[in-house]
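A.B. asks: Okay, here's the structure, questions in a sec.
The values are calculated or read from the model by the stated rules, or taken from the named source; none is laboratory data. These numbers come from a predicted model, not from an experiment. Virtual Cβ from ideal backbone geometry, glycine too; neighbours counted across all protein chains shown. Accessible surface is based on the protein model in full, side chains and every heavy atom, while ligands, DNA and RNA are left aside. Shrake-Rupley method; radii C 1.70, N 1.55, O 1.52, S 1.80 Å.
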Amino acid sequence: MSATPVRRARSVIPGFGITLGFTLTYLSLIVLIPLAGIFLKAAGLGFSGIWEVVSSPRVLASLKLSFGAALVGAAINGVFGPLLAWVFVRYRFFGKRFFDAAVDLPFALPTAVAGIALTALYSPNGWIGQFLTPLGIKVAYTPLGVVVACTFIGLPFVVRTVQPVLEEAEKELEEAAASLGATRWQTITRVILPTVLPAILTGFALAFARAVGEYGSVIFIAGNLPMISEITPLLIIIKLEEFDYAGATAVAGTMLVLSFALLLLINLLQAWVRRRNASAR
Amino acid sequence: MDIHVRGIHKSFGGFKALSGVDLDIASGELIALLGPSGSGKTTLLRVIAGLEFPEQGQILFGDEDMAARPIRERRVGFVFQHYALFKHMTVLDNIAFGLRVRERGERPPEATIRARARELLDLVQLSGLEKRYPAQLSGGQRQRVALARALAIDPRLLLLDEPFGALDAKVRKDLRRWLRSLHEQTGYTTIFVTHDQEEALELADRVVIMNRGQIEQVGSTDEVYEKPASPFVFDFLGNTNVLPGEARGREVFIDGHDTPIVTDTIHPNGAVDIYVRPGDLRLADGGIPGFYADVRSTQRTGPIVRCEAQAVHSGQLIELEFPHLHHDAPRLQPGQRVYLRLNNFSIFPRGQGKPGAKPSDPTVLIGSERERGRLG
Amino acid sequence: MSQDASLQDPPSLPPEFGAGPLARRNAAITEAPWVRYILIGFALLFLTGFLFLPLATVFVEAFRNGWRLYLAALIEPDALAAIRLTLLTAVIAVPLNLLFGLCAAWAIAKFQFRGKALLISLIDLPFSVSPVVAGLIYVLIFGAHGWFGSWLSDHDIKIIFSTPGIVLATIFVTFPFVARELIPLMQEQGTDYEQAALSLGASGWQTFWHVTLPNIRWGLLFGVLLCNSRAMGEFGAVSVVSGHIRGQTNTMPLHVEILYNEYQFSAAFAVASLLALLALVTLSLKSYLEWRHGDELAATRKH
């Protein structure tokens, strides 16, 4: 413990004080203090005050939609993300590099652009919507539309978490399974899947966390009908526009706490994976 | 199970990893595939296992050709260099894997599977560790779990790829001895790959020496060491001095000296290379076959005295090794001219040991002359 | 798998086939061709439906009424003002976060101190905060009814519904990009080079400039690229603090929203197409960097 500062003091590399100082100051000013403000404000409301806001039907409905749609979207990505990662890592086909790069599009495309594009696509006369309308499926301006946007925004998280794990997966494990008489299906379900499952879960959690707070790509396609297709972030904005700072803070604080819990979960998951894979060859 | 490899060819892209490999292995034998990196030994092992498919040739298990059959139908126990243990399974689950993936009709009841896995854990001396995960084991323990896992399917053939490659020297030695006794106990036909000649010579019944995708020599450990079939084998199995010589019928003149070695074989007249190990050169008096050399330097490393000398006629640099208590050792002073005889050597036509030379035709080559060596 | 290569008998795994699918084609561990084709087909279908069609929609809708209207939508004064504001925001936010990223990475990668893991987690924090909440926190502080609201209005300083608020919110949401790219990269590189340079008599600044920087330049560029892309495209956070005053506090994404809500679809998609183009350029550069300088980028990359 006490040896640490001594070693630091002896380091020959300069600039520790100034770089760490700037880092901490900047971090505090931009992120920590403003974020703490929310909790300070929320604390002023008291638990009952927060509960009163959050338990109102409109807020509850929005939380249900935001978390529910994010969950479904993350689940869809939890299935298709690993499939995409598998195809990119294991197979060779024309244009692979192009398709692989395209997976990051939801990261790169500004959310508002994604939002209006998805809306146009799934609106009743859009390219995809025109085929769904006759089937009685309405996507745009319904909770289903929120799910579509959440899936879009979360896809890269799962693919990019699973991909490196699959790339590093030892070919020998599969060979060993085959030599022991396992069929390809048994090898995939009993050997490969357990190996990448932590990565899938991590990707799932990241996609979920992102989708819960997502605003830009969702509000256009959601339709924003109170109690039906109104997401929580939009509700925060509405409360702000009504100068209901307390209400906005209560909702935002609730969302933050839930997101941080999720973040903690992700970190624990990653630490667990690192430990398990630490020395096992 | 006796194994016969017939005319196997295998290439990766433009690289010929195996070109025309034939090998017969008797049931219950312990065989080492030995060779430098890139010699094709691992490829051969993987072809036999069914992890690679050859372009040509047969792999006979008994008289059944397996060359086109997938690995899971071959029932071979394969132990990987880095063990390839399933990290998310306990030791017991790892060992039981091969039994649990069997089709329902053939799968033993769970209790039997567990009993069998425990039995194997006993066999590899790891009882009590069944609930551990691979990450909680030492390298040597993992290796033994990998072996137990391979044995669980009652393999027709046990294949080990560099089984001790990833272990440190001490563990490696212990495990080697243990594997030998395990083999005697279980009697599985076993093939293992190694690049370590000591390991191969110590462990195997027979050694297969490979080079450039072909087999250079197959033989007992004594045979390959004492009657190497080619300059490559001679060179690969230990330190080597190469002396220039001149063959005339049965007589071979060393380094231009005029007392020839008389061999049992008739050599085609002309230049030859005489291969001799540093420990097989001894001081002698003139008159018997040998050559003169000038001692350049000596150095003691532990119990061994190493000496660098230069053949007088050809100027060829050679290396000598003596136990430091040997009565000749004190005579090896720099600047001293000494007369050297050859205890044990091999004669090959000039240039065969050069890189790029084709593996030799053994019939013309073997010129070892041990009786004479012992006489001097 | 960077084991001692000499132990591995290369011919069984020649480098160019080692991990690639070619080796697997012949090996024991791959799927039947029909399975492969179905999976590839499925994956490409999914990508097309979820990624390519939306992207194509943007450009098709933008040019629906011809390129004259397209151009008109872009050179209209409010659009130009939005473009200017977006560029201005990025020009302020990106260099600040770049400076922060360098400092944080230097302190974290080159020195040992307690609480480092916590610091790294805190730097990542903005990624797990909803953009709307990111905007909200500044409104709570600087807004008309916020803590400093009355003081600011007394002194006639406008932060919320003005450019400084937009810049602040943008800095918040793009905060971790450069740092999280540089930290693992510089940790991987250790301090050997710097110590060598210092031992040869270089000053701290010379060491950074001539030794550290060349080693991290591609990672740095990568981080800046992502940071800039998000800075120009940010919508939620900026939307909260902007006030949506046309020609004054509208960034490009906000301008897209306004046009869209006024049913000026073509114009909305025209401005959106510029942002989509930016995304495509970013993606191409990113892929190029990964392909060309992959080994000089951080090994662990998640967003």
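A.B. asks: Dividing the convex hull volume of the Cα atoms of chain B by its residue count, what figure in Å³ per residue is obtained?
C.D. replies: 164
A.B. asks: Could I ask something else about it? Which value in Å is the Kirkwood Rh of chain A over different Cα pairs?
C.D. replies: 21.9
A.B. asks: Are there chymotrypsin sites (Phe, Trp or Tyr not before Pro) in region A:200-249 that DSSP marks as loop and that have at most 14 other Cβ atoms within 10 Å, and which are they?
C.D. replies: The qualifying sites are A:Phe243.
A.B. asks: Order B:Asp294, A:Asp104 by their accessible area, 1.4 angstrom probe, all chains in place, largest first.
C.D. replies: If we order B:Asp294, A:Asp104 from most to least accessible, we get B:Asp294, A:Asp104.
A.B. asks: Which ³J(HN,Hα) values in Hz, rounded to whole numbers, follow from the phi angles of region A:143-149 under the Karplus curve 6.51 cos²θ - 1.76 cosθ + 1.60, where θ = phi - 60° and Gly and Pro get x?
C.D. replies: 3J(HN,Hα) across region A:143-149, in whole Hz: x, 4, x, 4, 4, 4, 5.
A.B. asks: Once both axes come from the Cα atoms, what is the angle between helix C:77-110 and the longest principal axis of chain C, in degrees from 0 to 90, rounded to 10?
C.D. replies: Between helix and principal axis, roughly 40 degrees.
A.B. asks: Bins of 5 Å, beginning at zero and ending with the bin holding the largest distance: percent of Cα pairs per bin for region A:101-166, please.
C.D. replies: Computed distribution, short to long bins: 4, 17, 23, 21, 15, 11, 7, 3, 0.
A.B. asks: Still on this model: Where Lys and Arg each count +1 and Asp and Glu each count -1, what net charge lies around B:Asn269 among other residues with Cβ under 14 Å from its Cβ?
C.D. replies: Local net charge: +1.
A.B. asks: Can you give the accessible area buried between chains A and B, summed over both chains, with a 1.4 Å probe, in Å² to the nearest 100?
C.D. replies: Heavy-atom accessible area buried at this interface is about 2300 Å².
A.B. asks: Cross-link candidates for C:Lys116: which aspartates and glutamates have Cα within less than 15 Å, leaving aside residues fewer than 8 places away along the same chain?
C.D. replies: Within the straight-line limit of under 15 Å, C:Lys116 reaches these aspartates and glutamates: C:Asp124.
A.B. asks: Another question, if that's okay. Would you work out which of B:Trp178, B:Val218, B:Ile261 lies farthest towards the positive end of the dipole of chain B, given +1 charges on the beta-carbon of Lys and Arg and -1 on that of Asp and Glu, about the Cα centre?
C.D. replies: B:Trp178
A.B. asks: I need the semi-axes of the equivalent ellipsoid of region A:139-281: take the C-alpha gyration tensor, multiply each eigenvalue by 5, square-root it, list largest first in whole angstrom.
C.D. replies: They are 41, 18, 9 Å, listed largest first.
A.B. asks: Sorted by accessible area (1.4 Å probe), largest first, how do A:Glu174, B:Glu223, C:Glu61, A:Glu168 line up?
C.D. replies: So the residues, ranked largest to smallest area, are A:Glu168, B:Glu223, C:Glu61, A:Glu174.
A.B. asks: So, with a 1.4 angstrom probe, what is the percent of accessible area on the protein assembly as shown that is carbon and sulfur?
C.D. replies: Carbon with sulfur: 59 percent of the solvent-accessible area.
A.B. asks: Determine the relative contact order of chain C: mean sequence separation of Cα pairs under 8 Å and six or more apart, normalised by residue count, in whole percent.
C.D. replies: Contact order relative to length: 28 percent.
A.B. asks: I'd like the distance separating the alpha-carbon centroids of region C:254-287 and region B:48-82, in whole Å.
C.D. replies: 58
A.B. asks: May I ask you to list the lysines whose Cα is less than 25 Å away from that of C:Lys158, ignoring any residue fewer than eight positions away on the same chain?
C.D. replies: Filter leaves A:Lys41, A:Lys239.
A.B. asks: Take the alpha-carbon centre of region A:45-103, take the same for region A:150-177, and report the distance between them in whole Å.
C.D. replies: If we compute the Cα centre of each part, the gap is 17 Å.
A.B. asks: In addition: Can you give the translational diffusion coefficient of the protein assembly as shown in µm²/s, computed by Stokes-Einstein from the Kirkwood radius over Cα pairs at 4 °C and 1.567 mPa s?
C.D. replies: 39
A.B. asks: In debye, nearest 20, what is the charge dipole magnitude of chain B about its Cα centre with +1 on Lys and Arg Cβ and -1 on Asp and Glu Cβ, if you could check?
C.D. replies: 1280
A.B. asks: Beyond 21 Å between alpha-carbons counts as too far, so tell me which of B:Lys16/B:Lys227; A:Lys96/C:Lys286; B:Lys87/B:Lys131; A:Lys171/C:Lys286; A:Lys171/B:Lys41 fall in that bin.
C.D. replies: Pairs exceeding 21 Å: B:Lys16/B:Lys227; A:Lys171/C:Lys286.
A.B. asks: Principal axis lengths of region C:66-300 from Cα atoms, whole Å, largest first?
C.D. replies: Cα spread of region C:66-300 along its principal axes, largest to smallest: 63, 49, 29 Å.
A.B. asks: Only loop residues by DSSP count here, and only those with at most 13 other Cβ atoms within 10 Å; note down the GluC sites (Glu not before Pro) in region B:99-182 that meet that.
C.D. replies: In loop regions of region B:99-182 (DSSP not H, G, I, E or B), the sparsely surrounded GluC sites (Glu not before Pro) are B:Glu103, B:Glu106.
A.B. asks: Another question, then. Can you pull a Stokes-Einstein diffusion coefficient for region B:202-275 at 37 °C (0.692 mPa s), Rh from Kirkwood over Cα pairs, as a whole number of µm²/s?
C.D. replies: Result for D is 238 µm²/s.
A.B. asks: Looking at region A:1-100, which chymotrypsin sites (Phe, Trp or Tyr not before Pro) are in a loop (DSSP not H, G, I, E or B) and have at most 12 other Cβ atoms within 10 Å?
C.D. replies: The qualifying sites are A:Phe94.
A.B. asks: Using a 1.4 Å probe, what is the accessible area per residue for the protein assembly as shown, in Å²?
C.D. replies: Value for the protein assembly as shown: 42 Å² per residue.
A.B. asks: Compute the long axis of helix C:163-173 from its Cα atoms, compare it with the longest principal axis of the Cα atoms of chain C, and write down the angle in degrees, 0 to 90, nearest 10.
C.D. replies: Result, in degrees: 30.
A.B. asks: A follow-up question, please. Given a Förster distance of 60 angstrom, what is the FRET efficiency for C:Ile38 paired with A:Glu52, based on the Cβ-Cβ distance and rounded to 0.05?
C.D. replies: So the FRET efficiency works out to roughly 0.65.
A.B. asks: Right, another one. Averaging over every viewing direction, what projected area does the convex hull of the Cα atoms of region B:284-352 cover, in nm²?
C.D. replies: 5.5
A.B. asks: Moving to a separate point now. May I ask for log10 I(q)/I(0) of region B:3-226 at q = 0.08, 0.17 Å⁻¹, from a Debye sum over the Cα atoms as equal point scatterers with solvent left out?
C.D. replies: Those come out to -0.28, -1.24, one per q.
A.B. asks: What is chain B's relative contact order, in percent, from Cα pairs under 8 angstrom and six or more apart in sequence?
C.D. replies: The value is 15 percent.
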